[in-house]
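Step one of this worksheet: look at the structure below.
The values are calculated or read from the model by the stated rules, or taken from the named source; none is laboratory data. As the structure is a computational prediction, the values presented were derived from the model and not from experiment. Please note: Cβ atoms are built from the backbone with ideal geometry, for glycine as well, and neighbour counts cover all protein chains shown.
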Amino acid sequence: MPDMPLNVLVFIALALIFDFLNGFHDSSNIVATLIASRALTGRTALAITAVAEFVGPFLFGVAVATTLGHEVLVNAEVKLSVAMSALLAAVIWNLITWWLGIPSSSSHALVGGLLGAAVSESGFGVIRLAGLEKVVLALAISPLIGLAAGYFVMKLVLFLARPAPPSINTWFKRSQLVTAIALALSHGTNDAQKTMGIITLGLVSAQVLPRFEVPLWVIAISASAIALGTWTGGWRLIRTIGGKFFKIRPVHGFTTQLASASVILGAALLGGPVSTTQVVSSAVMGVGSAERVSKVRWEVASQIVMAWITTIPVSAVLSALIAVILRQWF
């Protein structure tokens, strides 16, 4: 790690706090169905998930980090205060939605924060439209893909399991360990990279790095922070995803994790920063709908959709206000 001034160290610390809260906030996405279906105890599920979250970014590259940190904004025009404002706004929003038990999107909060602070500081010319379109498209269609994937995977599993005896439930319960690890790897790959991207963006803005290239030490600290946050566990959100949509059985946990991991990992390899919260919540609804549409408590889903819709504009406005305050310091 190179020598850095105090304001850059403060910025990195804030980014790691966001990363920790991202893992804390999103742990529900991976372990909720595991715990609800009684495949594993809560603490064991969180520990296994945390290890897989740490390993993920080292296995599947940094395509998402490059998209978020290099392709959305013109790096030469982005000041360190912009990246810090985005992080502060995202942290505040994550804490509010965690307290209310609403599984909102850390990805949406970070993207909204970046846009709000950057436009406030430099105007709309700072936005790279091609990169923004890529991010918005990934965030917009991933919930629909998650819903469809959950629905069709569940239909396929029910069809294939028709002649199976009741003991098939034991197989589904045990198999969730494999699908949960796959989901955790995909989450670590996608979500930890968002922190890597914004840290690298800040280092370039502060002229600590000459160009946008994610250092190994940034990958390591980002992976560590999200893994630690995941291990801590956001139990309010675990209860929302694991019990408020419908009563989850082992087959639901298995199919939800399989569908979600496929969507999230595919997006990560393509460089699309999707919302794990959105994908998993949508997959849970798709899985429930595959059995019976009325099985899903859609009033809970509507609350989550409202949080998805409001996250980007609220975090953008909040970030712009914070940027005005931080501008004096930087």
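Observations on the structure shown:
- Condition check for residue 224: closer than 30 Å to residue 84 by Cβ, modelled with pLDDT of 90 or more and surrounded by fewer than 22 Cβ atoms within 10 Å (Cβ to Cβ): yes
- The stretch 91-110 residues that are modelled with pLDDT of 80 or more, paired with ones that are of a type in the set (Lys, Arg) (beta carbon under 6 Å, 6 or more apart): 110/194
- Close contacts from the stretch 308-329, counting a first residue that is within 30 Å of residue 144 (Cα to Cα) and a second that is aromatic (Phe, Trp, Tyr), with Cβ to Cβ under 6 Å and a gap of 6+ residues or different chains, come to 315/93.
- In this structure, residue 75 does not satisfy being modelled with pLDDT under 85, within 17 Å of the chain's Cα centre (by Cα) and within 25 Å of residue 116 (Cα to Cα).
- When the stretch 197-228 is limited to residues that are in a helix (DSSP H, G or I) and of a type outside the set (A, V, I, L, M, F, W, C), the one that is farthest from the chain's Cα centre (by Cα) turns out to be 205.
- Screening residue 70 with (1) under 30 Å from residue 175 (Cα atoms); (2) within 21 Å of the chain's Cα centre (by Cα); (3) at pLDDT below 85; (4) not basic (Lys, Arg) gives one miss only, at (1).
- In the condition set (1) modelled with pLDDT under 85; (2) in contact with a Gly (Cβ under 8 Å, 6 or more places away or on another chain); (3) part of a helix (DSSP H, G or I), residue 19 is compliant with all but (1).
- Condition met for residue 160 (surrounded by fewer than 16 Cβ atoms within 10 Å (Cβ to Cβ) and of a type outside the set (Val, Ile, Thr)): yes
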